[in-house]
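A.B. asks: This is the structure I have questions about; it appears just below.
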Amino acid sequence: MNDLYEKLVNKKEKISLIGLGYVGMPIAIAFAKKLNVIGYDIDEKKIIEYQKGMDPTNEVGDEAVKETTTKFTADARQLIDAKFHIVAVPTPITKSNIPNLKPLEAATKTVGTYLTKGSIVVFESTVYPGVTEDICVPILEETSGLKYREDFKVGFSPERINPGDKENRLETIVKVVSGSDEEAVDTIAKVYELVVEAGVYRAESIKVAEAAKVIENAQRDINIAFMNELAMIFNRMNIDTKEVLKAAGTKWNFLDFVPGLVGGHCIGVDPYYLTYKSEMVGYHPKIVLAGRRINDKMGEFVVNNMIKQLIQAKINIQDAKVGILGFTFKENVPDTRNTRVIDIVRELEEYKIPVVIHDPYADYEEVYKEYGIKLNTYKELQDLDVVILAVAHDEYQTLSESFFETLYRPGKNGNKIMLDVKGQLDRNKALAAGYRYWRL
């Protein structure tokens, strides 16, 4: 196994990527510039798009997909040709907020089926400490018939890719690596150093690397929860939270966080992996779960304030019509997994309020399949009483005042309600125009 790195560099052995989504695809593209890469995904439709040079994730762009030498396939049998495997599949949670390891377990079985002696398997999927060695390794041994540490080795290198971020990319973020022994760590580190310009950090153990990843997003979740709680407090005081944060931000050590909906496949999910394992070892976490409870309630908070605005505008709630701009989990990405905009939609449904939703990035078919929601075109956003700017897409920030006028029912601006969840618009201009403007 000592010469695996040399064989990869000399293209006598291949590397495989299992899972070609927002994380796996950029990794495959990056490694293909230096190594022979097999890109595998169970989604045949996605593979066909990649083979045609199309990038549905918008992470690397069509041109990069067209130019890459990555061999895209939905045929798992081709994994037998690789000696270095990177598993980058989703690790979601159930409706009960319990870790759902089924995608990871299925991917591990697939790798194990075609695992050969002298191979290394690196997991990038976010998990709680212990999953790699306690769950994934036994699956690899059982399906491959090989012996851990003797016939194959494993590592864990947590993904740190930020979807939609063109500055903080795989190449520019320090890569944490770990392995089953020093030899594995050394090989894994040298392989990642081929593409990660920022360098690698060798964690003391696999469990340390797993824990480091899961607390990164838990920390962000807690900080955003603090901002959301401040928004709820200042809302009662009739103080603009954004203005408060601008003032506080003039201090050098004030942390730059803002209130908002916390979704996606990382920040809104990873804390539950940490708390799940925490309770397994006998400790009931307080701060982490408190942050989650606050963030999970923000959709309800937004709608409650909308209802107050409707009442003040003397608009019958049952007759109101609401338009939502944005449905993806964050700005400028097509990813709708675990979007918390759905919380606003479900709350509106509880009130029997008709809602139309527009998003320039989201896949209409995917949204309908996952949420049973039909997205709308701009032309279908008409005769509204309320406009909710839910996602800070760049496109929405270029919309003119005259465009917003076309969205509402004819009448006085005093009855036109605008909820700006991310504070995208100029508050003073909106108020001066007579809108009932509210933001977190």
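A.B. asks: With respect to Thr339, is the statement that it is in a helix (DSSP H, G or I) and in contact with a Leu (Cβ under 9 Å, 6 or more places away or on another chain) true?
C.D. replies: For Thr339, the condition - in a helix (DSSP H, G or I) and in contact with a Leu (Cβ under 9 Å, 6 or more places away or on another chain) - is not met.
A.B. asks: Just give me the residues in the stretch 75-88 being under 19 Å from Phe152 (Cβ atoms) and not aromatic (Phe, Trp, Tyr), in sequence order.
C.D. replies: Within the stretch 75-88, Ala76, Arg77, Gln78, Leu79, Ile80, Asp81, Ala82, Lys83, His85, Ile86, Val87, Ala88 meet the criteria.
A.B. asks: Also: Restricting the first residue to the stretch 120-136 and requiring it to be over 14 Å from Tyr273 (Cα atoms), which pairs with a second residue that is at pLDDT below 95 and not in a helix (DSSP H, G or I) meet a Cβ separation below 8 Å and a spacing of at least six or different chains?
C.D. replies: Ile120/Met1; Glu124/Val23; Glu124/Pro158; Glu124/Glu159
A.B. asks: Also, quick follow-up: Exactly one of these conditions fails for Ile47: (1) under 20 Å from Pro163 (Cα atoms); (2) touching a helix residue (DSSP H, G or I) at 6+ places or on another chain (Cβ under 6 Å); (3) among the β-branched types (Val, Ile, Thr). Give me its number.
C.D. replies: With (1) under 20 Å from Pro163 (Cα atoms); (2) touching a helix residue (DSSP H, G or I) at 6+ places or on another chain (Cβ under 6 Å); (3) among the β-branched types (Val, Ile, Thr) applied to Ile47, the lone miss is (2).
A.B. asks: Hey, among the residues in the stretch 252-276 that are open to solvent by 50 Å² or more (accessible area, probe 1.4 Å) and of a type outside the set (A, V, I, L, M), which one's nearest to Val333 (Cα to Cα)?
C.D. replies: Asp256
A.B. asks: Could you check the stretch 386-413 and list, in sequence order, the residues that are of a type in the set (Gly, Ala, Ser) and open to solvent by 60 Å² or more (accessible area, probe 1.4 Å)?
C.D. replies: Residue satisfying the conditions is Ser402 alone.
A.B. asks: Could you grab me the full set of residues in the stretch 132-173 that are crowded, with 20+ Cβ neighbours inside 10 Å, outside any loop (DSSP other than H, G, I, E, B) and of a type outside the set (Lys, Arg)?
C.D. replies: Once the filter is applied, which keeps residues that are crowded, with 20+ Cβ neighbours inside 10 Å, outside any loop (DSSP other than H, G, I, E, B) and of a type outside the set (Lys, Arg), the stretch 132-173 yields Thr132, Cys136, Val137, Leu140, Ser144, Phe152, Val154, Gly155, Phe156, Leu170.
A.B. asks: Which of the numbered conditions does Lys308 fail, given that it passes all the others? Conditions: (1) assigned to a loop (DSSP other than H, G, I, E, B); (2) closer than 22 Å to Leu440 by Cα; (3) open to solvent by 10 Å² or more (accessible area, probe 1.4 Å).
C.D. replies: For Lys308, the failing item is (1).
A.B. asks: Here is a further query. Look at Tyr40 and say whether it is surrounded by fewer than 24 Cβ atoms within 10 Å (Cβ to Cβ), at negative phi and among the aromatic types (Phe, Trp, Tyr).
C.D. replies: Considered against the rule, which asks whether it is surrounded by fewer than 24 Cβ atoms within 10 Å (Cβ to Cβ), at negative phi and among the aromatic types (Phe, Trp, Tyr), Tyr40 comes out as no.
A.B. asks: Hey, could you check the stretch 43-60 for residues that are of a type outside the set (A, V, I, L, M, F, W, C) and open to solvent by less than 40 Å² (accessible area, probe 1.4 Å) and say which is farthest from the chain's Cα centre (by Cα)?
C.D. replies: Per the criteria, the residue is Gly53.
A.B. asks: Considering only residues that are under 23 Å from the mean Cα position of the chain (by Cα) and open to solvent by less than 30 Å² (accessible area, probe 1.4 Å), look in the stretch 194-205 and name the one that is farthest from Leu274 (Cα to Cα).
C.D. replies: Val195
A.B. asks: I'd like to know if the stretch 275-294 contains one or more residues that are in a helix (DSSP H, G or I) and within 17 Å of the chain's Cα centre (by Cα).
C.D. replies: yes
A.B. asks: Listed residues Met237, Met280; which is open to solvent by 50 Å² or more (accessible area, probe 1.4 Å), among the aliphatic types (A, V, I, L, M) and closer than 25 Å to Lys207 by Cβ?
C.D. replies: Among Met237, Met280, only Met280 is open to solvent by 50 Å² or more (accessible area, probe 1.4 Å), among the aliphatic types (A, V, I, L, M) and closer than 25 Å to Lys207 by Cβ.
To keep it simple, each residue is scored yes or no on (1) in contact (Cβ under 8 Å) with a residue 40 or more places away in the chain; (2) of a type in the set (D, E, K, R).
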{"site": "Arg292", "(1), (2)": "yes, yes"}
{"site": "Gly299", "(1), (2)": "yes, no"}
{"site": "Val303", "(1), (2)": "yes, no"}
{"site": "Leu310", "(1), (2)": "yes, no"}
{"site": "Ile315", "(1), (2)": "yes, no"}
{"site": "Phe329", "(1), (2)": "yes, no"}
{"site": "Val333", "(1), (2)": "yes, no"}
{"site": "Glu349", "(1), (2)": "no, yes"}
{"site": "Lys352", "(1), (2)": "no, yes"}
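A.B. asks: Also, I was wondering about something else. Name the single residue, out of those in the stretch 219-268 being assigned to a helix (DSSP H, G or I) and among the charged types (D, E, K, R), that is farthest from the chain's Cα centre (by Cα).
C.D. replies: Of everything passing the filter in the stretch 219-268, Arg236 is farthest from the chain's Cα centre (by Cα).
A.B. asks: Identify all residues within the stretch 61-90 that are open to solvent by 50 Å² or more (accessible area, probe 1.4 Å) and either in contact with a Pro (Cβ under 6 Å, 6 or more places away or on another chain) or hydroxyl-bearing (Ser, Thr, Tyr) (or both); write none if there are none.
C.D. replies: Thr69, Pro90
A.B. asks: If only one of Asp363, Asp343, Asp383 is touching a residue at least 60 places away in the same chain (Cβ under 8 Å), open to solvent by less than 80 Å² (accessible area, probe 1.4 Å), of a type in the set (Asp, Glu) and in contact with a Ser or Thr (Cβ under 8 Å, 6 or more places away or on another chain), which one is it?
C.D. replies: Result of the check over Asp363, Asp343, Asp383: Asp363.
A.B. asks: Another one. Could you check, for the stretch 56-67, whether at least one of its residues is part of a strand (DSSP E or B) and touching a residue at least 40 places away in the same chain (Cβ under 8 Å)?
C.D. replies: Within the stretch 56-67, not a single residue is part of a strand (DSSP E or B) and touching a residue at least 40 places away in the same chain (Cβ under 8 Å).
A.B. asks: Determine if the stretch 318-336 includes at least one residue that is within 19 Å of the chain's Cα centre (by Cα), open to solvent by 30 Å² or more (accessible area, probe 1.4 Å) and of a type in the set (D, E, K, R).
C.D. replies: Yes, the stretch 318-336 contains a residue that is within 19 Å of the chain's Cα centre (by Cα), open to solvent by 30 Å² or more (accessible area, probe 1.4 Å) and of a type in the set (D, E, K, R).
The values are calculated or read from the model by the stated rules, or taken from the named source; none is laboratory data. Here the structure is a predicted model, which means the values were calculated and not measured. No Cβ is skipped: glycine too gets one built from the backbone with ideal geometry, and neighbour counts run over all protein chains shown. Keep in mind that these areas ignore ligands, DNA and RNA; they rest on the heavy atoms of the full protein, side chains included. Shrake-Rupley method; radii C 1.70, N 1.55, O 1.52, S 1.80 Å.
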